[in-house]
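Chemist: Dumping the structure here so I can ask a few things about it.
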Amino acid sequence: MSGSREVAAPATVFAGVAMNWANRHKQWLAASLVLLALPHVPGLNSDFGRSLLSQMGIAAVFALSFNVLLGQTGLLSFGHAVYFGLGGYAAIHFMRVINHGLPLPIPLVPLAGAAAGLLFGILFGSVTTRRAGTIFALITLGIGELVYAATFMLPGYFGGEEGITASRTRGPALFGLDFGSQLQVYYVIAVWALIAAMLMRAFIRTPVGRMCNAVRDNPERAAFVGYNTQRVRLFAFSVAGLFAGLAGGLHAINYEIVAADSVSALRSGTVLLMTYIGGVGHFVGPVIGALILTWLQVSLSGYTSAWLLYLGLFFLVTILFAPSGLAGLIMMHGSIVHTKAFWRVLRAYAIALVPAVFMGIGAVILIEMSYRVSTQPELGTRMRIFWITVDAASPWPWITAIALLAGGFFVFRKTWPIVAVAWNRATDEAGAVNMTAQRR
Amino acid sequence: MNVKPEASASERTPPALELRDIRKSFGATPVIRGVSLDVHEGERHAIIGPNGGGKSTLFNLISGRFAPTSGSIVLCGEKIAALAPHEINRRGLARSFQITNIFPRLSVYENIRCSVLWSLGYKYCFWRGVDKLRDARERTDRILEQIRLTTRRDAPAGVLTYAEQRALEIGITIAGDARVILLDEPTAGMSRAEADNAVALIRVVSQGRTLLMVEHDMGVVFNLADRISVLVYGEIIATDIPSRIRRNEAVQSAYLGSAADA
């Protein structure tokens with residue numbers, strides 16, 4: 001009896017430790033299972049779907065790195081693509097060296113990007129982080145323009161307009177993987193994205209990560225409890241640079257080319273939009289923003305040439321009506337999802353949705369027809385929008401669209417009180433539940 | 001009243017804080033006009049004086065918010081005049097603010113913990129989880145108990161009541177275990193009962209430390225201070241034990257008036 005107990009004990013202890021670990025990291029385990037399964041889900045199990053997922057992974061890492069600055073440290077940068085792009089260039093050069101015979105596996109290429117991102121983060125960060133607020137934002141804008149100009153001034157390293165290319169398939173074989181298929185590339189990106197997300201999450205929970213929050217909230221007080229606020233900002237900036245560079249390295253593997261657009265102001269703007277739309281106040285916010293915006297970029301651009309306009313509208317609506325982003329919106333609903341009145345809220349949303357859809361259809365018809373008439377007259381005035389064919393030369397589609405937009409808006413405004421009443425009732429109920437829970 | 005024998009104290013140890021001929025002008029306007037002051041190790045020293053007399057400016061000079069135009073400030077034997085606030089804090093001086101100055105979006109617990117990190121030597125540590133730092137957790141819990149905010153530990157500091165925020169303000173100040181504490185009007189805006197609580201708290205947390213405070217409430221000052229300095233128009237016109245400050249004619253005419261009888 002005692003013998004068997006001795007044998008069982010270490011195994012039990014081990015199982016206990018493993019269970020405990022799994023329990024503490026269950027959200028990461030769940031995330032890895034999802035990442036593992038995603039490229040086999042119907043609809044995503046094509047090369048197109050896997051390419052979309054790969055782009056989403058890259059964007060998620062980039063947006064998370066941006067939020068180390070914006071959400072965690074309160075620093076608004078207009079030039080974060082600098083670290084993404086310089087990381088990408090370092091990675092593509094590293095890949096070329098591997099192509100020429102350096103015996104290192106291709107999945108390590110993003111590390112070169114991360115190293116470059118960190119290096120330039122420290123270098124430029126030591127200048128930019130001397131100030132916060134508007135001055136900081138302006139300096140990052142200036143450095144962004146500077147680096148973008150440098151890509152054309154130093155063609156030897158940056159390859160000018162064409163950029164630098166390398167091959168991800170010409171490296172030493174690793175467990176029989178050649179990274180020729182999009183699936184294999186996806187898994188490289190997914191693994192690095194998961195590691196990066198875990199590390200950034202961990203960074204926020206270190207002493208200096210917490211002080212980033214403190215500096216964001218009140219830099220003066222942070223100084224009076226012993227911290228050099230410039231140094232704290234520099235830490236945030238360097239960490240953000242590191243992970244932006246890693247994302248750039250993943251970009252290099254995915255596309256096998258890095259060009260000037262990777263350091264452009266457009267990319268800096270896109271990551272800002274992603275992070276804001278997703279929500280700066282929550283760790284997963286930027287990931288949500290990255291997924292949605294990447295999907296919109298890839299799919300919308302296939303349907304309409306006015307997709308940037310829709311993206312802009314989407315951004316405007318989000319920051320106007322949900323300033324805490326989609327993650328903030330989800331969290332808001334999380335607090336009332338258990339209430340009975342939640343169903344009333346959903347019903348109110350459904351009612352409000354009907355005029356909103358009409359409003360949207362009207363707006364889309366107007367935008368599409370205007371776009372066609374003003375930018376693509378050579379395609380003629382007859383066009384298909386959704387399932388209908390309209391002729392932009394005739395006044396009727398215009399009148400109908402304006403009527404849909406205006407009428408939809410009018411009715412939509414009338415539905416708001418319904419939503420507000422349902423919402424207040426649900427929050428009251430949630431508040432009452434919380435009160436009784438506290439009293440107990 | 002429990003008054004320290006000041007002469008012998010100053011002979012034994014150098015002053016915890018020593019100001020020599022501190023001057024500060026904003027543009028052409030002199031605000032501090034040659035202040036010299038010794039605050040002894042372990043004493044509770046109050047600075048009183050009329051509004052606009054330069055009390056808050058003096059605090060800002062000592063704590064590094066502004067650099068003095070001239071003069072020297074010595075903290076426990078080290079010159080600190082014109083150093084940056086974080087450098088002065090690291091040398092063992094912490095201050096509170098007249099207008100509450102906390103980390104509004106962080107929880108009460110995080111507010112205190114951020115304030116203990118440097119003094120426990122964690123500095124810019126990025127390789128350890130902050131939740132796993134046992135000494136930081138223990139000191140934070142102890143301070144939360146002292147300032148009686150344990151039950152509010154998870155609330156964002158921005159939603160606390162005014163009195164709670166004032167208590168948190170003091171908590172942040174003492175969290176780094178500084179030897180010299182500067183409190184800028186710790187009971188400002190409080191009700192009588194709240195002020196009494198604050199005085200009891202200050203009495204506890206200033207034990208074993210040197211305390212320099214600016215305070216308008218004469219009840220608080222005479223109750224708490226070992227010595228009092230009177231700052232009028234940028235100059236200290238008297239420094240003495242409370243009973244003698246009450247009787248000082250220059251002080252009475254300059255500032256106290258009938259309050260001295262209170």
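The values are calculated or read from the model by the stated rules, or taken from the named source; none is laboratory data. Worth saying up front: this structure is predicted, and the values here are computed from it rather than measured. Positions of Cβ are backbone-derived with ideal geometry, glycine not excepted, and every protein chain shown enters the neighbour counts.
Chemist: How many of the residues in segment A:207-256 are facing another protein chain (nearest Cβ under 7 Å) and farther than 28 Å from B:Ala94 by Cα?
Modeler: Residues that pass the stated criteria total 0.
Chemist: Looking only at segment B:69-80, count how many residues are of a type outside the set (S, T, N, Q) and over 17 Å from the mean Cα position of the chain (by Cα). Don't jump to the end; show me each part of the working.
Modeler: From segment B:69-80, those of a type outside the set (S, T, N, Q) are B:71, B:73-80; that's our starting set.
Subset that is over 17 Å from the mean Cα position of the chain (by Cα): B:71, B:77-79.
So the count comes out to 4.
Chemist: Next question. Does A:Pro172 satisfy being assigned to a helix (DSSP H, G or I) and either out of contact with any Phe, Trp or Tyr (no Cβ under 7 Å at 6 or more places or on another chain) or assigned by TED's automatic domain parsing to the domain that holds A:Val215 (or both)?
Modeler: Values: assigned to a helix (DSSP H, G or I): no; either out of contact with any Phe, Trp or Tyr (no Cβ under 7 Å at 6 or more places or on another chain) or assigned by TED's automatic domain parsing to the domain that holds A:Val215 (or both): yes.
Answer is no for this residue.
Chemist: If the Cβ limit is 7 Å and pairs must be 6+ apart or interchain, which residue in segment A:203-216 that is free of Cβ contacts under 8 Å to residues at least 12 places away in the same chain pairs with which residue that is in a helix (DSSP H, G or I) and of a type outside the set (D, E, K, R)?
Modeler: Qualifying pairs under 7 Å: A:Arg205/B:Val130; A:Thr206/B:Val130; A:Pro207/B:Val130; A:Arg210/B:Cys114; A:Arg210/B:Val130.
Chemist: Also, I was wondering about something else. Please go through (1) modelled with pLDDT of 95 or more; (2) in a helix (DSSP H, G or I); (3) surrounded by fewer than 22 Cβ atoms within 10 Å (Cβ to Cβ) for B:Ala163 and return the number of the only condition it doesn't satisfy.
Modeler: Against the list (1) modelled with pLDDT of 95 or more; (2) in a helix (DSSP H, G or I); (3) surrounded by fewer than 22 Cβ atoms within 10 Å (Cβ to Cβ), B:Ala163 comes up short only on (1).
Chemist: Further, regarding this structure: Of all residues in segment A:346-377 being within 28 Å of the chain's Cα centre (by Cα) and β-branched (Val, Ile, Thr), which is farthest from A:Lys414 (Cα to Cα)?
Modeler: Checking each candidate, the answer is A:Ile367.
Chemist: Among the residues of segment B:135-146, which ones are more than 12 Å from chain A (Cβ to nearest Cβ) and under 15 Å from B:Ala167 (Cβ atoms)?
Modeler: B:Arg142, B:Ile143, B:Leu144, B:Glu145, B:Gln146
Chemist: State the number of residues belonging to segment A:283-296 that are in contact (Cβ under 8 Å) with a residue 60 or more places away in the chain and not small (Gly, Ala, Ser). Reasoning before the result, please.
Modeler: First, pick out the residues of segment A:283-296 that are in contact (Cβ under 8 Å) with a residue 60 or more places away in the chain: A:283, A:285-287, A:289-291, A:293-295.
Pick out the ones that are also not small (Gly, Ala, Ser) and you get A:283, A:286-287, A:291, A:293-295.
Residues meeting the conditions: 7.
Chemist: Sticking with this structure for a sec: What residue, of A:Gly285, A:Gly334, is among the small types (Gly, Ala, Ser) and farther than 23 Å from A:Leu75 by Cβ? Quick ask: steps written out before the conclusion?
Modeler: Details: A:Gly285 fails: farther than 23 Å from A:Leu75 by Cβ.
Criteria check complete, one pass: A:Gly334.
Chemist: Next up: Filter segment B:225-262 down to residues that are basic (Lys, Arg), surrounded by fewer than 18 Cβ atoms within 10 Å (Cβ to Cβ) and modelled with pLDDT of 90 or more, then give me how many there are. Explain how you work it out, then say what you get.
Modeler: At the first step, the residues of segment B:225-262 found to be basic (Lys, Arg) are B:227, B:244, B:246-247.
Still in the running and surrounded by fewer than 18 Cβ atoms within 10 Å (Cβ to Cβ): B:244, B:247.
Add one more test, that the residue is modelled with pLDDT of 90 or more, and what stays is B:244.
So the count comes out to 1.
Chemist: Quick one: which of B:Ile88, B:Ile99 is among the β-branched types (Val, Ile, Thr), within 12 Å of another protein chain (Cβ to nearest Cβ), in a loop (DSSP other than H, G, I, E, B) and within 28 Å of A:Ala214 (Cα to Cα)?
Modeler: Values: B:Ile88 fails: in a loop (DSSP other than H, G, I, E, B).
Just a single option satisfies the conditions, and that option is B:Ile99.
Chemist: Same structure, new question: Of the residues that sit in segment B:58-85 and are facing chain A (nearest Cβ under 10 Å) and assigned to a loop (DSSP other than H, G, I, E, B), which one is surrounded by the fewest Cβ atoms within 10 Å (Cβ to Cβ)? Break it down stepwise before answering.
Modeler: The initial filter retains those residues of segment B:58-85 that are facing chain A (nearest Cβ under 10 Å), namely B:63-65, B:84-85.
Narrowing further to those that are assigned to a loop (DSSP other than H, G, I, E, B): B:64-65, B:84.
Working: B:Gly64: 23, B:Arg65: 18, B:Ala84: 15.
This residue is B:Ala84.
Chemist: Out of A:Leu326, A:Leu311, A:Leu291, I need the residue that is at pLDDT below 90, buried (at least 18 other Cβ atoms within 10 Å of the Cβ) and either in contact with a Lys or Arg (Cβ under 6 Å, 6 or more places away or on another chain) or assigned to a helix (DSSP H, G or I) (or both). Which one?
Modeler: On the way: A:Leu326 fails: at pLDDT below 90; A:Leu291 fails: at pLDDT below 90.
On inspection, the qualifying residue turns out to be A:Leu311.
Chemist: May I ask you to verify whether A:Val271 is part of a helix (DSSP H, G or I) and at pLDDT 95 or above?
Modeler: Numbers: part of a helix (DSSP H, G or I): yes; at pLDDT 95 or above: yes.
Against the criterion (part of a helix (DSSP H, G or I) and at pLDDT 95 or above), A:Val271 qualifies.
Chemist: Here's a follow-up. Taking B:Pro104 as meeting all but one of (1) in a loop (DSSP other than H, G, I, E, B); (2) within 7 Å of another protein chain (Cβ to nearest Cβ); (3) over 19 Å from A:Asn228 (Cβ atoms); (4) free of Cβ contacts under 8 Å to residues at least 12 places away in the same chain, write down the number of the exception.
Modeler: Among (1) in a loop (DSSP other than H, G, I, E, B); (2) within 7 Å of another protein chain (Cβ to nearest Cβ); (3) over 19 Å from A:Asn228 (Cβ atoms); (4) free of Cβ contacts under 8 Å to residues at least 12 places away in the same chain, B:Pro104 violates only (4).
Chemist: Here's a follow-up. Does at least one position in segment A:253-262 carry a residue that is in contact (Cβ under 8 Å) with a residue 60 or more places away in the chain and within 27 Å of B:Phe126 (Cα to Cα)?
Modeler: No, segment A:253-262 has no match at all.
Chemist: Could you please find all residues in segment B:112-134 being more than 8 Å from chain A (Cβ to nearest Cβ), under 25 Å from the mean Cα position of the chain (by Cα) and part of a helix (DSSP H, G or I)?
Modeler: In the first step, residues of segment B:112-134 are kept if they are more than 8 Å from chain A (Cβ to nearest Cβ); the result is B:112, B:116, B:120-121, B:132, B:134.
Applying the additional criterion that residues be under 25 Å from the mean Cα position of the chain (by Cα) yields B:112, B:116, B:120-121.
Once the filter is applied, which keeps residues that are more than 8 Å from chain A (Cβ to nearest Cβ), under 25 Å from the mean Cα position of the chain (by Cα) and part of a helix (DSSP H, G or I), segment B:112-134 yields B:Ile112, B:Val116.
Chemist: Turning to a different aspect of this structure: Go through B:Leu212, B:Leu149 for me and flag whichever is more than 14 Å from every other protein chain (Cβ to nearest Cβ), over 18 Å from the mean Cα position of the chain (by Cα) and buried (at least 20 other Cβ atoms within 10 Å of the Cβ).
Modeler: Going through B:Leu212, B:Leu149 in turn, just one is more than 14 Å from every other protein chain (Cβ to nearest Cβ), over 18 Å from the mean Cα position of the chain (by Cα) and buried (at least 20 other Cβ atoms within 10 Å of the Cβ): B:Leu149.
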